[in-house]
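Written out below as structure tokens is the structure these notes cover.
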Amino acid sequence: MRKVIIAGNWKMYKTQGEATEFLMDFVSRIDDAPENREVVLCVPFTDLTIVNKSLHGNRIRLGAQNVHWEDCGAYTGEISASMLTEMGVRYVIVGHSERRQYFGETDETVNLRLKAAQTHGLIPILCVGETKQQRDADETEQIIINQLERDLVGIDQERLVIAYEPIWAIGTGENCEVSEADRVIGLIRSRLSNPNVTIQYGGSVKPNNIDEIMAQPQIDGVLVGGASLAAADFAGIVNYK
Ligand code: 13P
């Protein structure tokens, strides 16, 4: 059975005060969402403690947005997997396109981060996706296949989530047609050895398009940026029909 996972990626938004305010509003809004939907909030490192404290007794799972591959060492500015698990983190985003684009993340470092996350019992959410230029050049399939081949070397597919995030649909309001997202996610699934990996779609997911997205046969969940910052919007997504 493929698990449904609705995850928010707060990116570099929300102070601790803002995170607390969000949770006070959000938690009760998802009381009636079906139990089999896993709800994850991937928050900035500085919010992990406060969000973890507010999560006791409810169903939201804590996530981080990156992890280093070494257990410890002289890596200024980095955070290790054991530092995350100690704070109650269960999920971690790895290889988000913003890390690949702005911070020099490569498929090799993505692979190292995935391994470290799994070694320490974290479930990585691996992000893959093509740029507009690559899509226009008809390279989408090959780009995705290359990313999967390189990123997943030696990775346990029993403890893995994948998010297909077409880069041109992130934060732009420009939607990937749901049938196209479903097609690419089907392609991703066909390249995996475990048919039960949860594969999410990400890119301008909103309360008004979530029903259609989740109705697609290959799409098991969503990774939500902008719309996860407002309690009403993210709850609207979690409570999809
Ligand atoms: P938006 O939902 O803001 O397009 O961001 C998607 C994303 O990058 C989630 O990781």
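I need the full set of residues from region 114-134 which are within 26 Å of V51 (Cα to Cα) and either assigned to a helix (DSSP H, G or I) or aromatic (F, W, Y) (or both), in order please.
Passing the criteria: L114, K115, A116, A117, Q118, T119.
Please find, within region 102-119, the residue that is nearest to S82 (Cα to Cα) out of those that are β-branched (V, I, T) and out of contact with any Asp or Glu (no Cβ under 7 Å at 6 or more places or on another chain).
Here the answer is T119.
State yes or no: is L55 of a type in the set (A, V, I, L, M, F, W, C), surrounded by 15 or more Cβ atoms within 10 Å (Cβ to Cβ) and at pLDDT below 95?
yes
Okay, residues lined up against (1) under 19 Å from the mean Cα position of the chain (by Cα); (2) modelled with pLDDT under 95; (3) farther than 15 Å from R189 by Cα:
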| residue | (1), (2), (3) |
| --- | --- |
| G129 | yes, no, no |
| Q133 | no, no, yes |
| E139 | no, no, yes |
| V153 | no, no, yes |
| L160 | yes, no, no |
| A163 | yes, no, no |
| I170 | yes, yes, yes |
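Which numbered condition trips up V51, out of (1) within 16 Å of the ligand (Cβ to nearest atom); (2) over 23 Å from I162 (Cβ atoms); (3) in contact with a helix residue (DSSP H, G or I) (Cβ under 8 Å, 6 or more places away or on another chain)?
All conditions are met except number (1).
What do you reckon, is N111 within 17 Å of the chain's Cα centre (by Cα), in a helix (DSSP H, G or I) and either modelled with pLDDT of 95 or more or crowded, with 18+ Cβ neighbours inside 10 Å (or both)?
Answer is yes for this residue.
Across region 75-118, what is the number of residues that are over 17 Å from V153 (Cα atoms) and within 16 Å of the ligand (Cβ to nearest atom)?
The number of residues fulfilling the criteria is 11.
The values are calculated or read from the model by the stated rules, or taken from the named source; none is laboratory data. Note that this is a predicted model, so its numbers are computed, not measured. As a convention, Cβ positions derive from the backbone with ideal geometry for all residues, glycine included, and neighbour counts pool all protein chains shown.
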